[in-house]
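Asker: Attaching a single structure in structure tokens format; questions to follow.
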Amino acid sequence: MNLRGIVAVSGRPGLYKLVGQNKAGYVLEGLDAQKVKIVASISSTKLASLEDITIYGEEEDLKLVDVLANIAAVKGEVPDAKADAAVLRALFVDVAPAHDQDKVYTSDMKKIVTWFHLLKDLPLFSEEAPAGLEGQEAPKADDKADKKAKAATKPANAKAPSKAAQPAKKVNMTSKKGV
């Protein structure tokens, strides 16, 4: 499941796709039927990427991506977010048995089920996540040394700094008379 670029915005319902960024803020496109484009302020808006969200677990936190994949694998119909709290709790016991039942509230479950219903029809939900840094080879030490050597060498036409470019000498402010 590839959820790269899908974010939740604090204070706004639903999910958004991060389209870009400009001076004023983030350019977001709604994933719901309205396809609204908004610019969220960089300074006042908090964005949470779905890749980074975790759910409280009894021993360790569970990734939201894994929980959504488990919900997709559920046989039968996934209940609506407006379903009874007991139905949602039973669903979460099935899809995330290691979640902390005291810390994961019904409102959290409703939000995750709502997000699942928004994402299930998107092509991003069915495609594989791109390989991260783990899949890439680390640069070799020789390459790093070559890059440092290139950065350290001066071009042939570089000028020596002039006297005017050097910092001024500290001036002694006391007079010869001692006043």
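Asker: At 7 Å along the Cα-to-beta-carbon direction for both Ser10 and Gln34, put a label point, then send me their distance in nm to one decimal.
Answerer: Calculated label separation equals 2.2 nm.
Asker: Another one. Of Lys75/Lys103; Lys17/Lys46; Lys23/Lys111; Lys23/Lys120; Lys82/Lys120, which sit over 21 Å apart, Cα to Cα?
Answerer: Going by Cα-Cα distance, Lys75/Lys103; Lys23/Lys111; Lys23/Lys120 fall outside the 21 Å limit.
Asker: Testing the spin-label approximation: label points 7 Å from Cα along Cα→Cβ at Ser44 and Glu77. State their distance in nm.
Answerer: So the label points at Ser44 and Glu77 sit 4.2 nm apart.
Asker: Can you give the net charge of the other residues whose Cβ lies under 12 Å from the Cβ of Lys37, counting K and R as +1 and D and E as -1?
Answerer: Overall, the nearby charge balance is +1.
Asker: Counting other Cβ atoms within 10 Å, which trypsin sites (Lys or Arg not before Pro) in the range 30-67 have at most 13 and lie in a DSSP loop?
Answerer: Loop-located and lightly packed - Lys35, Lys46.
Taken together, the values in this text are just the output of simple stated rules run on the coordinates, not laboratory data. For clarity, every value in this text was computed on a predicted model and none was experimentally measured. Don't worry about glycine lacking a Cβ; one is built from the backbone with ideal geometry, like all the others, and counts go over all protein chains shown.
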